[in-house]
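First up is the structure itself, then whatever we jot down about it.
The values are calculated or read from the model by the stated rules, or taken from the named source; none is laboratory data. Just so it is clear, the structure is predicted and the values come from calculations on it, not from any experiment. Ideal geometry is used to build each Cβ from the backbone, glycine not excepted, and the neighbour counts take in all protein chains shown. What goes into the accessible areas is simple: the full protein's heavy atoms, side chains included, and nothing from ligands, DNA or RNA. Shrake-Rupley method; radii C 1.70, N 1.55, O 1.52, S 1.80 Å.
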Amino acid sequence: MKKLYYLLFVSLSVLFSCKKEVQSQKAIAQESTNTVKYAKGLEIYNYQGYSVVKITQPWPGAKESYTYIMQQEGASIPDSLKQFTTIPVPLKSVVVTSTTHIPSLEILGVENTLTGFPGLDYISSVNTRKRIDGGKVKEVGKNESLNTEVLIDLSPDAVVAFSISSVNKTLTALEQSGLKVIYNGDWTEQSPLGKAEWIKFFGALYCKEAKANELFAKIENDYNAALKLAQKVNNKPTVVAGALYENQWYMPQGGSWAALFLKDAGANYLWADSEGTGSLNLSFETVLEKAQDADFWIGPSQFTSLKEMADANPHYSHFKSFQNQAVYSFSTKKGATGGLLYYELAPNRPDLVLKDLISILHPELLPGYELQFFEKLK
């Protein structure tokens, strides 16, 4: 009988202990809320000594999601989270794989941790180019075929990567070699503020959450102030975008990042009602019929002058915006090795993009404003 009571006591002790552990883990889960407001593919939960970063949209249409635990030195991680990849933070060294990651490192003041990048010539930043020229940032190949030997030799604390699907042999090989690979989905975001909010992702990697939140709040406030200004306009000038490539005219679909900027800037983008978040591909005749009298032409592909456009296709001159020299491009502003500043910095600074477009479309709203990304083609 004593043995029976003893076994019952042990069982109840284990039961209450397990129940207490479950309640403890629930309490941990409830003591933090997602700090991300606009980004659709990112969630961040901050706790004492660690944070949980969830990448819920690593690529368009992804069914997979990834959870990473950013653990500060000495912090205790609940057993319920130990199944996920743990990253010791703050990072001391990193390899990133998109130029959009460079401004985040710089604005947080951690650009010196960058040790490798695929396609160094695409980087426009003056500060990071100095580090590249000084041999402090190594070439690691191409995104679709990263040089695993170089990466293993660099042995960064983390590789911040992106993929277009669940099949990526290179990233799988890096993980199997013991490197920490973190998927970044900033490129899948469509809202201007959603893209910019990924600064918080890097804040978690460097234990600079407060600074990242402060920086984003400033961008958010400036963007919304410019948006409020643009909402005062009554007339919305018509806009055409894109250009021909191999006999097809490519331009942003109505739900895309670029189209949303035009909407917020007070433009009547002629394809704003098209569904989708990617690119439309149309015939020249279709575009000419609808946009021949458009007031502005924004983002004519890679062209940097009106002459260059006319030489490529004389039919561009049929558009009123071309005739009136109301064509604006971001392709004129490049880094020392040819990388476009717009592709690198614009996703991080939507406030500047919006002000550029407002200044172009409604110059009376921002008198004396100097364009940051766009330039009127001559």
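Annotation note: Cβ proximity below 8 Å between a residue of region 33-45 that is part of a loop (DSSP other than H, G, I, E, B) and modelled with pLDDT under 95 and a residue that is among the acidic types (Asp, Glu) and surrounded by fewer than 17 Cβ atoms within 10 Å (Cβ to Cβ) (sequence gap 6+ or interchain) occurs for no pair.
Out of the residues in region 360-378 that are in contact with a Leu (Cβ under 8 Å, 6 or more places away or on another chain) and part of a loop (DSSP other than H, G, I, E, B), which is surrounded by the fewest Cβ atoms within 10 Å (Cβ to Cβ)? Across region 360-378, the extreme among qualifying residues is Lys378.
Within region 330-378, if we keep just the residues that are in contact (Cβ under 8 Å) with a residue 60 or more places away in the chain and of a type in the set (S, T, N, Q), the residue that is farthest from Ala265 (Cα to Cα) turns out to be Thr337. Set side by side, the residues Lys195, Lys200 differ, and just one is at negative phi, out of contact with any strand residue (DSSP E or B) (no Cβ under 9 Å at 6 or more places or on another chain), buried (at least 20 other Cβ atoms within 10 Å of the Cβ) and not in a loop (DSSP other than H, G, I, E, B), which is Lys195. Among residues of region 157-184 that are under 18 Å from Tyr206 (Cα atoms) and touching a residue at least 60 places away in the same chain (Cβ under 8 Å), those with a Cβ under 7 angstrom from a residue that is acidic (Asp, Glu) and part of a loop (DSSP other than H, G, I, E, B), sequence gap 6+ or separate chain, pair up as Lys180/Asp157. Filter region 157-186 down to the residues that are under 19 Å from the mean Cα position of the chain (by Cα), modelled with pLDDT of 95 or more and open to solvent by 10 Å² or more (accessible area, probe 1.4 Å) and list them by number. Tyr183, Asp186, listed by residue number. Take Ser321 and decide whether it is touching a residue at least 40 places away in the same chain (Cβ under 8 Å), over 25 Å from Ser191 (Cβ atoms) and small (Gly, Ala, Ser). Considered against the rule, which asks whether it is touching a residue at least 40 places away in the same chain (Cβ under 8 Å), over 25 Å from Ser191 (Cβ atoms) and small (Gly, Ala, Ser), Ser321 comes out as yes. Within region 63-94, the residues that satisfy the criterion of being closer than 29 Å to Glu139 by Cα and touching a residue at least 40 places away in the same chain (Cβ under 8 Å) are Tyr66, Tyr68, Met70, Thr85, Ile87, Pro88, Val89, Pro90, Leu91, Lys92, Ser93, Val94.
Residues in region 123-146 that are outside any helix (DSSP H, G or I) and open to solvent by less than 80 Å² (accessible area, probe 1.4 Å): Ile123, Ser124, Ser125, Gly134, Gly135, Val137, Val140, Gly141, Asn143, Ser145, Leu146. For region 264-299, residues that are touching a residue at least 40 places away in the same chain (Cβ under 8 Å), among the hydrophobic types (A, V, I, L, M, F, W, C) and farther than 25 Å from Asn224 by Cα total 4.
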